[in-house]
Amino acid sequence: MSKKLVLVVCGAGTLTSVIASQGIEEGLKKRGVNEVQVKTGRIDDIERFQNQISVLVSTMNIRQQYSFPVVNAIAFLIGDDYGMEKAIDKVADILKDN
């Protein structure tokens, strides 16, 4: 079975997406979701990976509609522990259902 791709993006694809991806990856492991590849990138990378993405996680507001679920991860930027857990729960639920 191939791993599901969680693409975590921000505007530049460096600091904020890395912080969020680390939190998402750790949270998924704690929830027993293991067959996952968490990759960081920029907003521009969405199109390049669109045929592989299982869940898109973004630290920016995304208005465009995609064929895959989009989870808002702004909580990782502001240090909102409750919001971070909710975002991880959403990603885990989506991955478990697919």
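On the given criteria, is ARG31 of a type outside the set (Gly, Ala, Ser) and in contact with a helix residue (DSSP H, G or I) (Cβ under 8 Å, 6 or more places away or on another chain)?
yes
I want to confirm something. Restricting to region 27-52 and keeping residues that are among the β-branched types (Val, Ile, Thr) and in contact with a Ser or Thr (Cβ under 9 Å, 6 or more places away or on another chain), which single residue is modelled with the lowest pLDDT? Walk me through how you get there before you give the answer.
Narrowing region 27-52 to residues among the β-branched types (Val, Ile, Thr): 33, 36, 38, 40, 43, 46.
Filter again for in contact with a Ser or Thr (Cβ under 9 Å, 6 or more places away or on another chain), leaving 36, 38, 40, 43, 46.
On the way: VAL36: 96, VAL38: 96, THR40: 95, ILE43: 92, ILE46: 95.
Out of the qualifying residues, it is ILE43.
Specify which of the listed residues (SER21, SER2, SER54) is hydroxyl-bearing (Ser, Thr, Tyr) and out of contact with any strand residue (DSSP E or B) (no Cβ under 6 Å at 6 or more places or on another chain). Quick ask: steps written out before the conclusion?
Working: SER21 fails: out of contact with any strand residue (DSSP E or B) (no Cβ under 6 Å at 6 or more places or on another chain); SER54 fails: out of contact with any strand residue (DSSP E or B) (no Cβ under 6 Å at 6 or more places or on another chain).
Being hydroxyl-bearing (Ser, Thr, Tyr) and out of contact with any strand residue (DSSP E or B) (no Cβ under 6 Å at 6 or more places or on another chain) holds for just one of SER21, SER2, SER54, which is SER2.
Need pairs with beta-carbon distance below 8 Å; first residue hydrophobic (A, V, I, L, M, F, W, C) and at pLDDT 90 or above and within region 1-26, second in a strand (DSSP E or B) and exposed (fewer than 14 other Cβ atoms within 10 Å of the Cβ); sequence gap 6+ or separate chains.
LEU5/GLN37; VAL6/GLN37
Residues of region 5-27 being among the hydroxyl-bearing types (Ser, Thr, Tyr) and either surrounded by fewer than 16 Cβ atoms within 10 Å (Cβ to Cβ) or within 10 Å of the chain's Cα centre (by Cα) (or both), which ones?
Of region 5-27, the ones among the hydroxyl-bearing types (Ser, Thr, Tyr) are 14, 16-17, 21.
Within region 5-27, THR14, SER17, SER21 meet the criteria.
A quick yes/no check of all residues on (1) aliphatic (A, V, I, L, M); (2) touching an Asp or Glu at 6+ places or on another chain (Cβ under 7 Å); (3) under 19 Å from THR14 (Cβ atoms); (4) touching a residue at least 24 places away in the same chain (Cβ under 8 Å):
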| residue | (1), (2), (3), (4) |
| --- | --- |
| ASN34 | no, no, no, no |
| ILE43 | yes, no, yes, yes |
| ARG48 | no, no, yes, no |
| ILE53 | yes, no, no, yes |
| VAL57 | yes, no, yes, yes |
| ALA73 | yes, no, yes, yes |
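Just the residues that are over 20 Å from MET84 (Cβ atoms), among the polar types (S, T, N, Q) and loosely packed, with under 13 Cβ neighbours inside 10 Å, please, taken from region 28-55.
Within region 28-55, just ASN51 meets the criteria.
Taking region 67-88 as the region of interest, how many residues are closer than 17 Å to LEU7 by Cα and surrounded by 12 or more Cβ atoms within 10 Å (Cβ to Cβ)? So that I can check it myself, show each step before the final result.
From region 67-88, those closer than 17 Å to LEU7 by Cα are 67-77, 84, 87-88; that's our starting set.
If we keep only those that are surrounded by 12 or more Cβ atoms within 10 Å (Cβ to Cβ) too, we end up with 68-77, 84, 87-88.
Here the count works out to 13.
The values are calculated or read from the model by the stated rules, or taken from the named source; none is laboratory data. Predicted model only: the values in this text are computed from it and were never measured. As a convention, Cβ positions derive from the backbone with ideal geometry for all residues, glycine included, and neighbour counts pool all protein chains shown.
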